[in-house]
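Comments concern the structure below.
Bear in mind that the values in this text are calculations on the coordinates, not laboratory data. Here the structure is a predicted model, which means the values were calculated and not measured. Cβ coordinates were reconstructed from backbone atoms using ideal geometry, including for glycine residues, and neighbour counts include every protein chain displayed.
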Amino acid sequence: MVEAEPDLYERLQIRYPPSPTRVLAPGSPPAASRWTLGTVLAMGMGVVLVATLAALITLYVQGQADLRAARAELVAIGAHPLPDPDGPLNPSESPSAAQRRKEQLGRWLQGLSLGWRYHQGKIYYFSREPKPWSEAEAACRFTHSYLTSITSLEEQDYLAQEARGGSYWIGLTATGPGGSWRWVDGATYSQAQSFWAPGQPDSTDHGQWGQEDCAQIHPVRNGLWNDHNCNFTFPWICKRDLSMP
């Protein structure tokens with residue numbers, strides 16, 4: 001007995017087009033997964049925005065404190081008795097002298113707004129990019145400053161703390177008479193008032209690169225000094241005194 005072949009309509013598979021609301025892009029996750037991912041991303045962006053806002057507020061508050069301290073310092077020293085660029089003129093000085101003071105105060109306040117840090121009548125700049133020592137010094141000179149000198153324990157402690165474990169060029173170099181150490185800003189170098197790490201300076205010879213004739217704040221022993229080859233690249237610290245023009 002011959003079996004009857006299946007009816008034509010039994011073999012026909014009717015395929016309906018998918019509903020437009022259900023069409024997904026290739027590789028797209030299911031709707032529930034997309035909702036979860038979107039929620040996570042939104043929450044993450046919220047956290048980032050809150051953290052960024054908190055950081056900006058902290059920087060603003062610190063900047064305002066620095067500005068107030070700088071103004072107070074300018075008032076305290078006789079060469080800068082004008083606390084406010086828009087304040088009244090001193091009757092005993094000429095308009096041109098008052099204008100020069102206003103311009104100088106404006107430069108200080110601008111420097112603080114650009115990331116310089118105020119401390120004890122001076123402002124410091126901690127760079128982020130690395131350069132050889134000579135280029136770092138040139139960068140400081142471009143901003144009417146010098147690679148920083150360090151002439152007291154208080155200043156050493158402040159800079160070591162602000163360095164936060166990093167290595168930074170400072171303005172000490174062995175280019176004086178007979179290879180003696182000197183500060184490029186003209187400060188007097190004193191071995192008794194120096195802060196070298198144990199065993200430093202050791203003047204290691206780097207062959208074709210020469211010896212170690214430049215100093216840096218180094219992570220070892222809480223930012224004590226290390227001598228290094230001047231051709232190597234590190235970030236640096238500039239310093240300006242409030243008495244500088």
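Taking every alpha-carbon pair under 8 Å whose residues sit at least 6 apart, the range 119-245 reaches a relative contact order of 40 percent. Near residue 196, the amide H atoms lying under 5 Å from its own belong to 225; only residues 5 or more places off or on other chains count, and H is placed 1.01 Å from N.
Relative to the current alpha-carbon distance between residue 191 and residue 100, full extension at 0.36 nm per residue lengthens the span by 28.9 nm.
Extending 7 Å from Cα along the Cβ direction at residue 154 and again at residue 233 yields two label points whose distance is 3.7 nm.
With R₀ set to 25 Å, the beta-carbon distance separating residue 175 from residue 128 gives a calculated FRET efficiency near 0.40.
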